[in-house]
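Can you keep this structure in mind? I'll have questions shortly.
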Amino acid sequence: MEVVILASYDEVSRAAAREVARVLSTKPNAVLGLATGSTPLGLYRELVRMHRDEGLDFSQVTTFNLDEYVGLPPNHPQSYHVFMHEHLFQHVNVAAQNIFIPSGAPANISAYCAWYERQIQERGGIDLQILGIGADGHVAFNEPGSSLASRTRIKTLARQTIEDNARFFERREDVPAYAITMGVGTILEARELLLCANGRNKARAVALAIEGPVTAMVTASALQMHRQAKVLLDQEAAGELKMREHFDWIEECRAGALGAQLGTEQ
Ligand code: GLP
């Protein structure tokens with residue numbers, strides 16, 4: 001795992017956008033896995049800017065979102081469908097037929113989840129999966145206790161997650177208790193993972209995910225099992241890392257003679 005600690009949230013966002021642009025420069029028809037939440041907002045802003053000012057082209061790209069609340073129609077202001085259209089899709093040139101976001105209201109949930117998994121396979125698998133992290137260490141909506149081999153399915157949200165996400169809803173009671181989410185196993189099959197985190201409220205989850213044991217209690221810790229995982233942190237999110245000096249040292253070495261040969265696979 002490569003851990004990069006940057007000066008600010010803006011730097012995290014710009015570095016994440018450069019990773020997306022790198023993937024698209026070698027594979028214009030890449031499959032991107034996308035996340036929601038406040039963390040990737042800066043990344044999406046930067047991708048929109050790069051599309052506008054630098055011609056970053058999404059015309060051949062396919063996207064798969066990690067998750068969606070169950071029970072929210074796609075036009076609900078707090079649905080992840082609306083979020084993605086507002087913050088990314090309406091500003092860039094991803095073809096509508098190449099956008100996949102889990103439905104929040106499928107007739108048959110398990111058949112739908114199997115279909116979503118099949119779409120990922122049929123499109124060749126995810127090249128780069130963007131991830132945030134919940135305060136309880138979850139990725140997507142894989143709450144503590146989720147199997148590290150899990151696939152796309154319906155999950156009950158943890159109370160803490162409902163509290164955390166209540167800020168986006170008018171009332172706490174409006175936050176759905178269930179979501180359809182890619183599983184940890186689904187996420188681990190992406191060729192590259194990029195987890196971004198900022199702010200002090202993520203510091204504990206980040207430290208547990210990077211330095212703690214691999215455990216279903218902190219599903220982001222599964223990234224330790226992936227060969228190409230990169231974590232971008234601002235200073236606050238890195239605040240509880242015990243190995244901070246080590247991670248800074250590794251990044252310094254990247255500027256040295258063999259730096260270009262140091263991949264994320266370490
Ligand atoms: C939700 C999403 C996650 C996201 C997390 C953190 O639970 N399902 O994908 O990483 O929130 O959100 P934020 O970036 O707003 O802190």
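Bear in mind that the values in this text are calculations on the coordinates, not laboratory data. A quick note: this is a predicted structure, and the numbers were derived from the prediction, not measured. Neighbour counts run over all protein chains shown; Cβ positions are idealised from the backbone, glycine included.
Amide H of residue 215 versus every other amide H placed in the peptide plane: which residues, excluding those fewer than 5 positions away on the same chain, fall under 5 Å?
Hits under the 5 Å cutoff: 221, 222.
Using Cα-Cα distances under 8 Å and only pairs 6 or more residues apart, what relative contact order does the chain have, in percent?
In percent, rounded to a whole number, it is 24.
Identify which of 27, 230, 155 has the largest mean-square fluctuation in a Gaussian network model of the chain, with springs joining Cα atoms closer than 10 Å.
Maximum among the listed residues: 27.
Restricting things to alpha carbons, tell me how big the range 49-122 is in terms of Rg and Dmax, in Å.
13.6, 43
When the Karplus curve 6.51 cos²θ - 1.76 cosθ + 1.60 is applied with θ = phi - 60°, which whole-Hz ³J(HN,Hα) does each residue of the range 66-71 get, with x for Gly and Pro?
Running phi through 6.51 cos²θ - 1.76 cosθ + 1.60 with θ = phi - 60° gives 5, 7, 7, 5, 7, x Hz.
Another question about this same structure. Can you tell me which of 108-120, 246-258 comes out highest on packing, and rank the rest after it, using the mean Cβ neighbours within 10 Å?
Ranking the peptides 108-120, 246-258 by packing returns 108-120, 246-258.
Can you bin the range 106-207 into rounded, prolate or oblate? Criterion: square roots of the alpha carbon gyration tensor eigenvalues sorted a ≥ b ≥ c, rounded for a/c under 1.5, prolate for a/b above b/c, oblate for the rest.
Here the range 106-207 falls in the oblate category.
Right, another one. Report the extension gain between residue 78 and residue 253 in nm, rounded to one decimal, defined as 0.36 nm multiplied by the number of residues separating them, less their alpha carbon distance.
Roughly 58.7 nm would be gained on extension.
Dimensions of the chain along principal axes (Cα, Å, largest first)?
Cα extents, longest axis first: 56, 40, 33 Å.
Taking each pair of distinct Cα atoms in the range 159-266 once, what is the resulting Kirkwood hydrodynamic radius in Å?
The answer is 16.0 Å.
Something else about it: Can you tell me the relative contact order of the range 28-143? Whole percent, Cα pairs under 8 Å, sequence separation 6 or more.
Relative contact order of the range 28-143: 36 percent.
Residue 194: net charge of surrounding residues, Cβ under 12 Å, Lys/Arg +1, Asp/Glu -1, itself excluded?
It works out to a net charge of 0.
Under the rule of at least 5 residues apart or a separate chain, name every residue whose amide H is placed under 5 Å from the amide H of residue 3.
Under 5 Å from the amide H of residue 3: 231.
Right, something else. Report the extension gain between residue 54 and residue 90 in nm, rounded to one decimal, defined as 0.36 nm multiplied by the number of residues separating them, less their alpha carbon distance.
11.2 nm
Before rounding to the nearest 500, sum -39500 (n - 2.57) across all DSSP H runs of length at least 4 in the chain and divide by the residue total; then give [θ] at 222 nm in deg cm²/dmol.
Theoretical 222 nm ellipticity from helices: -9500 deg cm²/dmol.
Under a plain spin-label model, where a point goes 7 Å from the Cα along Cα-to-Cβ, how far apart in nm are residue 172 and residue 123?
Output for this residue pair reads 3.7 nm.
Please identify the helices of the chain, taking whole runs of DSSP H, that span at least 24 Å along their own axis as judged from the Cα atoms and have a mean Kyte-Doolittle score of -1.0 or higher.
Span-like helices, by this rule, are 9-26.
Another question, if that's okay. If you average the alpha carbon positions of the range 220-266 and of the range 1-75, how far apart do those two centres end up, in angstrom?
Measuring centre to centre over Cα atoms gives 20 Å.
How much length, in nm to one decimal, is gained on full extension between residue 114 and residue 246, taken as 0.36 nm per residue of separation minus their Cα-Cα distance?
Contour length minus Cα-Cα distance gives 43.4 nm.
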